[in-house]
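The values are calculated or read from the model by the stated rules, or taken from the named source; none is laboratory data. Keep in mind it's a predicted model, so treat the numbers as computed, not measured. No Cβ is skipped: glycine too gets one built from the backbone with ideal geometry, and neighbour counts run over all protein chains shown. Remember, those area values only see protein heavy atoms, side chains included, never the ligands or the DNA or RNA. Shrake-Rupley method; radii C 1.70, N 1.55, O 1.52, S 1.80 Å.
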Amino acid sequence: MTNNQNTTAFFDLIRHGEPAGGPMFRGSKDDPLSDTGWQQMNAAIRDDDQWDAIITSPLLRCRLFAEQLAEQRQIPLHQEPRLREIAFGDWEGRTSENIMADTPEALTRFWSDPVRYPPPGGEAITEFRQRVSSAWQDWQTQAAGKRVLVVCHGGVIRMLLAEVMGIPTERSFSALTVPYACRSRIRVDISEHGLLSLSLIHISEPTRRTPI
């Protein structure tokens, strides 16, 4: 990097579209996109979008679309295992309605404070945020001066935006809503003095909470 010259990177975050099987707490359950999910993702990408690289979660609902887009546009593709979704343990494969009917207090408590009330048998949210943050710190440096598309999950995007916006971990799920195929942008400015600023630009506004 040249002295006295800032380097700016743009990260466009996009959540995967609807997976096969419909909305549920999917977590590490590795379902591909449904036909509707493919339509959502294709509609979210514009002809004038330009990226230098694509980073994707290795899970099918993200990776297959990222591979197709990278091939179509001849963009380097990187799989990042630290950006896989949080594991929901006993809730994986279950809908919000099913969990509410069974143990309504558990789901309510999770949304209000996932640190104290994690899903039974699931990944601790503090560990989840730590691994996502680790990937984020590495890619900020590696992608300096570039435009990057990140294809990932609702939980991952919540962690990334919580890092940028200074949202406490216990509020990271309730404070942000991330619909299928929703896009956000993070701008990172770096100079020889280090990280200077992070600014968040919303590209598509969330409309409702959807299961992960």
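Selection of the range 51-77 for residues being open to solvent by 70 Å² or more (accessible area, probe 1.4 Å), outside any loop (DSSP other than H, G, I, E, B) and polar (S, T, N, Q) yields only Gln72.
Would you confirm, using the coordinates I've provided, whether Phe11 is among the aromatic types (Phe, Trp, Tyr), over 16 Å from Cys152 (Cβ atoms) and out of contact with any Leu (no Cβ under 7 Å at 6 or more places or on another chain)? Answer is no for this residue. Is it the case, given these coordinates, that Glu80 is in contact with a strand residue (DSSP E or B) (Cβ under 6 Å, 6 or more places away or on another chain) and either surrounded by fewer than 14 Cβ atoms within 10 Å (Cβ to Cβ) or of a type outside the set (Phe, Trp, Tyr) (or both)? Yes: the conditions hold for Glu80.
Total residues in the range 87-99 satisfying the condition of being touching a Ser or Thr at 6+ places or on another chain (Cβ under 8 Å) and either among the aliphatic types (A, V, I, L, M) or modelled with pLDDT under 95 (or both): the figure is 1.
Within this structure, Glu105 fails the test of being modelled with pLDDT of 95 or more, outside any strand (DSSP E or B) and either among the acidic types (Asp, Glu) or in contact with a Cys (Cβ under 7 Å, 6 or more places away or on another chain) (or both). Is it fair to say Glu205 is closer than 30 Å to Gly21 by Cβ, modelled with pLDDT under 65 and either part of a loop (DSSP other than H, G, I, E, B) or open to solvent by 40 Å² or more (accessible area, probe 1.4 Å) (or both)? Spelling it out, Glu205 is indeed closer than 30 Å to Gly21 by Cβ, modelled with pLDDT under 65 and either part of a loop (DSSP other than H, G, I, E, B) or open to solvent by 40 Å² or more (accessible area, probe 1.4 Å) (or both). For the range 8-26, filtering for residues that are over 21 Å from Ser184 (Cβ atoms) and surrounded by 15 or more Cβ atoms within 10 Å (Cβ to Cβ) leaves 2.
Among the residues in the range 113-128, are any under 24 Å from Leu64 (Cβ atoms), assigned to a helix (DSSP H, G or I) and either aliphatic (A, V, I, L, M) or out of contact with any helix residue (DSSP H, G or I) (no Cβ under 6 Å at 6 or more places or on another chain) (or both)? Within the range 113-128, one or more residues are under 24 Å from Leu64 (Cβ atoms), assigned to a helix (DSSP H, G or I) and either aliphatic (A, V, I, L, M) or out of contact with any helix residue (DSSP H, G or I) (no Cβ under 6 Å at 6 or more places or on another chain) (or both). When the residues of the range 141-168 are filtered to those that are more than 15 Å from the chain's Cα centre (by Cα) and of a type outside the set (A, V, I, L, M, F, W, C), the one that is farthest from Glu85 (Cα to Cα) is Gly145. In the range 113-157, the qualifying residues are those that are among the charged types (D, E, K, R), modelled with pLDDT of 95 or more and open to solvent by less than 60 Å² (accessible area, probe 1.4 Å), and the one that is nearest to Gly93 (Cα to Cα) is Glu123. When you check Arg109 against the structure, is it among the basic types (Lys, Arg) and open to solvent by 60 Å² or more (accessible area, probe 1.4 Å), yes or no? For Arg109, the condition - among the basic types (Lys, Arg) and open to solvent by 60 Å² or more (accessible area, probe 1.4 Å) - is met. Going residue by residue through the range 28-36, is there one that turns out to be open to solvent by 10 Å² or more (accessible area, probe 1.4 Å), out of contact with any strand residue (DSSP E or B) (no Cβ under 9 Å at 6 or more places or on another chain) and more than 30 Å from Gly121 (Cβ to Cβ)? Within the range 28-36, one or more residues are open to solvent by 10 Å² or more (accessible area, probe 1.4 Å), out of contact with any strand residue (DSSP E or B) (no Cβ under 9 Å at 6 or more places or on another chain) and more than 30 Å from Gly121 (Cβ to Cβ). Taking the range 54-74 as the range and being in contact (Cβ under 8 Å) with a residue 40 or more places away in the chain and farther than 17 Å from Val156 by Cβ as the test, only Leu69 passes.
For the range 37-50, a tally of residues being open to solvent by 60 Å² or more (accessible area, probe 1.4 Å) and among the acidic types (Asp, Glu) returns 2.
In the range 132-149 there is no residue matching the filter, namely being touching a residue at least 24 places away in the same chain (Cβ under 8 Å), within 22 Å of Glu18 (Cα to Cα) and assigned to a loop (DSSP other than H, G, I, E, B).
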